[in-house]
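Since the structure comes first, as C-alpha cells, the remarks are kept for the end.
None of the figures in this text is laboratory data; all of them are computed from the coordinates on show. No experiment lies behind these values; they were computed from the predicted model shown. Here the Cβ is made from the backbone with ideal geometry for all residues, glycine too, and neighbour counts use every protein chain on show.
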Amino acid sequence: MKEVLPAVNLVIPKLIVGLGNPEPKYNQTRHNIGFAGVDTIANIWQVSLSENRKFKAEFGESRRPKAGKIYLLKPLTYMNRSGEAIRAVLDWYKLPPSSVLIIYDDMDLPMGRLRLRLSGSAGGHNGMKSAIAHLGTLEFPRLRIGIGKPKNFTVESGEPKTISHVLGKFSPTENQLMAQVLELVVGAVELSLKQGIEKAMSLYNSRTITENSGYKPPL
C-alpha cells in the first residue's frame with residue numbers, strides 16, 4: 001500500500017511591504033533599503049505605486065503566475081508607525097498576518113546578505129516593533145537585508161553612531177553591491193510566491209554578494 005504523505009501548507013505572501021521613511025532626504029539611505037526593495041520589485045513587475053490615503057502608504061497590485069493577486073506597500077507614516085498602514089491593508093482585504101512579507105534593513109547582517117524568516121522578534125528595529133504591535137503577533141514572514149555595522153562600532157559607542165549609520169547614504173561602491181542584493185531580493189520574493197517562503201529560505205539565506213560578484217539566480 002502506497003504511503004500517503006501529509007499535505008504541506010506553503011506560506012505564500014500576499015502583501016509585500018518595504019519599510020522606510022517617506023521624505024526625499026531619506027532616499028537611498030541604509031534605513032530605506034526596504035523601500036528600495038519594493039521599488040525594485042514594482043519596476044520589474046511594471047507595477048505603478050501610487051499614494052493611497054486610506055492605507056497611509058504608496059500602494060500597488062499585480063497578478064503573478066501561480067500566486068494570483070499580490071499587493072505592494074510602502075508605508076508613508078514614518079518608520080515607527082509602519083504598522084498602521086500594514087494593519088489597514090490586512091483589514092481591508094481580510095488577509096491574515098501570515099500573508100505579510102516585510103522587507104527591511106538589518107545592521108546585524110553584513111552587506112551582501114539576506115535572511116528570510118517565517119517569524120521572529122523586532123530585533124530593535126522600530127518599524128518592526130510597530131508592525132508586531134499592530135499585527136498582534138510575531139508569526140509573519142520577514143526578509144532582512146544586511147547593511148552591516150558602522151566602522152569601529154562598539155556597544156559603548158551607543159545610539160548616536162547607530163542613527164548616523166542607518167540614516168547615512170550608501171557609498172558609490174556600496175550602491176553597486178546593493179543593486180545586486182536587490183536583484184537577489186526580487187529572486188527570493190518571486191520564489192516565495194511560487195514555492196513558499198521555506199523553499200526561498202533554503203536557497204537564499206546562504207547566498208552572499210561581494211564586490212564585483214555576479215548574481216546568478218537559482219535554477
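Within the listed set Val100, Val181, Val89, the Gaussian network model of the chain (springs between alpha-carbon atoms below 10 Å) gives the highest mean-square fluctuation for Val89. With loop membership from DSSP and a limit of 11 other Cβ atoms within 10 Å, the longest segment of the chain without trypsin sites (Lys or Arg not before Pro) is 152-219.
A simple rule links phi to the HN-Hα coupling: the Karplus curve 6.51 cos²θ - 1.76 cosθ + 1.60 with θ = phi - 60°, which for region 88-93 gives 4, 5, 4, 5, 5, 9 Hz, with x for Gly and Pro.
Applying 1/(1 + (r/R0)^6) with r as the Cβ-Cβ distance of Lys169 and Asn80 and R0 = 25 angstrom yields a FRET efficiency of 0.75. Beyond 26 Å in Cα-Cα separation lie the following of the pairs Lys25/Lys161; Lys54/Lys94; Lys74/Lys194; Lys129/Lys161; Lys14/Lys74; Lys54/Lys194: Lys54/Lys194.
Rounded to the nearest 5, the antiparallel percentage of DSSP beta bridges internal to the chain is 60%. Over region 79-178, Cα pairs under 8 Å with separation of 6+ residues give a relative contact order of 36 percent. Overall, the ratio between the Cα radius of gyration of the chain and 2.2 N^0.38 Å, rounded to two decimals, is 1.01. Build a GNM of the chain with springs between Cα atoms under 10 Å apart, and of Val17, Val38, Val47 the one that fluctuates most is Val47.
Based on Cα contacts under 8 Å between residues 6+ apart, the chain shows a relative contact order of 25 percent.
Springs between Cα atoms under 10 Å define the GNM used for the chain, and in it the highest mean-square fluctuation of Pro75, Pro65, Pro22 occurs at Pro65.
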